[in-house]
Amino acid sequence: MLARVRSAAVLGIDAYLVEVETDIASGLPTFVTVGLPQGAVKEGRDRVSAALANTGYTFPLKRVTINLAPADIKKEGSAFDLPIALGILAATEQVSGERLGRIAVLGELGLEGAIRPVRGALPVALAARAAGVDALILPRENLSEAGVVAGLRVLGASCLAEIADFLDGRAELPGASIDVARLFADAKRALEVAAAGGHNILMVGPPGSGKTMLARRLPTILPRMSLDEALETTKIHSVAGTLPLGESLVARRPFRAPHHTISDAGLIGGGSYPRPGEVSLAHGGVLFLDELPEFRKNVLEVLRQPMEDGVVTIARAAMSLSYPARFMLAAAMNPCPCGWFGDPHHNCACGSVVVQRYLARVSGPLLDRIDIHLEVPAVKYKALTGESGGEPSEAMRERVDRARVVQRERFATRPGIYANAHMAPRDIRAHCKVSDGADALLKTAITRLGLSARAYHRILKIARTVADLDEAASLEPKHVSEAIQYRSLDRRGVG
């Protein structure tokens, strides 16, 4: 009698799937575990036998062989208790094994059959999603940790009997619940942080999740334009011929949303007689690029220089012209070509390779220049229209204004720097002092996420802005923690 149960093990900060094979054969009662099991794995025999007996099941008095594949990697920890127990129950036909082929399980067993929490639930969930399993069953205490992984059904159990009932179809297991209203509120908070520090932002979410609506709201919470800003912006629009007839001054921050078919000259500027492009027309305001991966690669690559320098230089044989281009980039994209990867209400038709190829259309260097990466969930119509109540834009703008005042004073002696997003490394060293607790949190994030130096600096810039909104002088753990949450593509290993 043979049964196979999928589980997982952690190696470093990543996880890999392990197939737990259980063979029940006639012969003297023995229990052998192969596949390089280490101490806690070997000791699992006694925990498993006691848990089965105390839950009302029979431990077979036969030759029991457990193989942990792949067999060439050492297996450590007690998380294999649960898959071994389920393998024995399925092999002896005490529970149905029909569902076991589509799920992965892990958990430590208590002698009475309780399931105790394990370490590494998050990397295990990521590995399970990458492997395409239908669901992951783990201890309820680990449910919230693993539940942040979109695109994977995560179920929690508190004892062995609950899982047996689930496998036999007598009951269902509770899943990780995602509070969509809270996530949408988090998205609005991210916009406030972006506006307060002048940070570029990328929103990733399914169709209809409100990405465009959120982007169009950005100008309403940005600081009001000063007279000097209005004059400079008006000059650009006057030269480009986009100043509305009868208007003498551009008093509202621009919002430009070019279509993804735009050429590099249309975006940056140029022509036989050079004229400002969309990046300059967005000067002082927001440049919104919807469906970011659909823009041609050469168009996106020429965007990098004005994002860094805040100016566009167009060279021709007879002349060289420069146009201001200090804008906030707000970009939006689907999580995959079909748009439904990770959405709980729709089936994604894209495989993992297709998803990664789609995300790779946006280059790493460009992503590095976008401070905030935000996942936006699908929301109900009521949340989008504001019928459920919410903070008005004016209140958010007041906080943004106060934070910008602090930044203007901070950079009074640094020409060309108007907000935290524009800080150079020397400014980060001078103004982003972190507390001991925040420093330890940063080191952990760098180790686990493998952040680049540029991404590390982006986190410090965002944390500085969060602290400014909080009217705090130093960066505390809560400021750094919030900043890390705004680097979702780093946490997914993209870029």
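The values are calculated or read from the model by the stated rules, or taken from the named source; none is laboratory data. Treat the numbers as computed from the prediction; the structure is a model and nothing was measured. Cβ atoms come from the backbone with ideal geometry, glycine included; neighbour counts cover every protein chain shown. Each accessible area value is taken on the protein alone, full model and side chains, heavy atoms only, with ligands, DNA and RNA left out. Shrake-Rupley method; radii C 1.70, N 1.55, O 1.52, S 1.80 Å.
Points worth noting:
- Residues that are open to solvent by 10 Å² or more (accessible area, probe 1.4 Å), of a type in the set (A, V, I, L, M) and modelled with pLDDT of 90 or more within segment 10-23 comprise just one, LEU17.
- Segment 300-352, residues that are closer than 24 Å to LEU366 by Cα, of a type in the set (A, V, I, L, M) and open to solvent by 60 Å² or more (accessible area, probe 1.4 Å): ALA315
- Residues of segment 405-430 that turn out to be under 22 Å from ILE201 (Cα atoms), touching a residue at least 12 places away in the same chain (Cβ under 8 Å), out of contact with any Gly (no Cβ under 8 Å at 6 or more places or on another chain) and assigned to a helix (DSSP H, G or I), as a count: 4
- Some residue of segment 328-341 being in contact with a His (Cβ under 7 Å, 6 or more places away or on another chain), over 30 Å from PRO274 (Cα atoms) and modelled with pLDDT of 90 or more: no
- Per-region count, segment 257-299, residues open to solvent by 30 Å² or more (accessible area, probe 1.4 Å), under 28 Å from the mean Cα position of the chain (by Cα) and not polar (S, T, N, Q): 8
- The residues of segment 1-39 that are polar (S, T, N, Q) and within 12 Å of ALA90 (Cβ to Cβ) amount to a single one, THR22.
- A residue that is open to solvent by less than 50 Å² (accessible area, probe 1.4 Å), β-branched (Val, Ile, Thr), over 22 Å from LEU367 (Cα atoms) and touching a helix residue (DSSP H, G or I) at 6+ places or on another chain (Cβ under 8 Å) cannot be found anywhere in segment 406-415.
- Annotation: of all residues in segment 390-405 being modelled with pLDDT under 90 and open to solvent by 40 Å² or more (accessible area, probe 1.4 Å), the one that is farthest from the chain's Cα centre (by Cα) is GLU394.
- Residue within segment 39-48 that is under 27 Å from PHE166 (Cα atoms), in a strand (DSSP E or B) and modelled with pLDDT under 95 present: no
- One residue from THR22, THR33, THR92, THR55 being touching a Cys at 6+ places or on another chain (Cβ under 8 Å) and farther than 15 Å from LEU106 by Cβ: THR55
- In this structure, LEU167 does not satisfy being over 15 Å from ALA104 (Cβ atoms) and either at pLDDT below 75 or out of contact with any strand residue (DSSP E or B) (no Cβ under 6 Å at 6 or more places or on another chain) (or both).
- Total residues in segment 224-233, condition loosely packed, with under 15 Cβ neighbours inside 10 Å and not in a helix (DSSP H, G or I): 2
- Condition met for SER435 (more than 28 Å from ASP14 (Cα to Cα), touching a residue at least 40 places away in the same chain (Cβ under 8 Å) and surrounded by fewer than 19 Cβ atoms within 10 Å (Cβ to Cβ)): yes
- Apart from one condition, ARG448 fits all of (1) open to solvent by less than 20 Å² (accessible area, probe 1.4 Å); (2) modelled with pLDDT under 85; (3) not hydroxyl-bearing (Ser, Thr, Tyr); the exception is (1).
- Long-range neighbours under 6 Å by Cβ, at least six apart or interchain, first residue more than 15 Å from GLY269 (Cα to Cα) within segment 229-246, second of a type in the set (A, V, I, L, M, F, W, C) and open to solvent by 70 Å² or more (accessible area, probe 1.4 Å): ALA230/ALA251
- For SER7, the test of being open to solvent by less than 50 Å² (accessible area, probe 1.4 Å) and out of contact with any strand residue (DSSP E or B) (no Cβ under 8 Å at 6 or more places or on another chain) is failed.
- Restricting segment 58-90 to residues that are over 37 Å from the mean Cα position of the chain (by Cα) and open to solvent by 50 Å² or more (accessible area, probe 1.4 Å), the residue that is farthest from SER26 (Cα to Cα): THR58
- The lone exception for SER248 - which of (1) in contact with a Pro (Cβ under 9 Å, 6 or more places away or on another chain); (2) open to solvent by 70 Å² or more (accessible area, probe 1.4 Å); (3) polar (S, T, N, Q) it fails: (1)
- As a summary of the residue check, ALA215 satisfies the conditions (1) within 30 Å of HIS346 (Cβ to Cβ); (2) open to solvent by 10 Å² or more (accessible area, probe 1.4 Å) except for the one numbered (2).
- Of the candidates GLU112, GLU93, the single residue that is on the phi > 0 side of the Ramachandran plot, over 29 Å from the mean Cα position of the chain (by Cα) and in contact (Cβ under 8 Å) with a residue 24 or more places away in the chain is GLU93.
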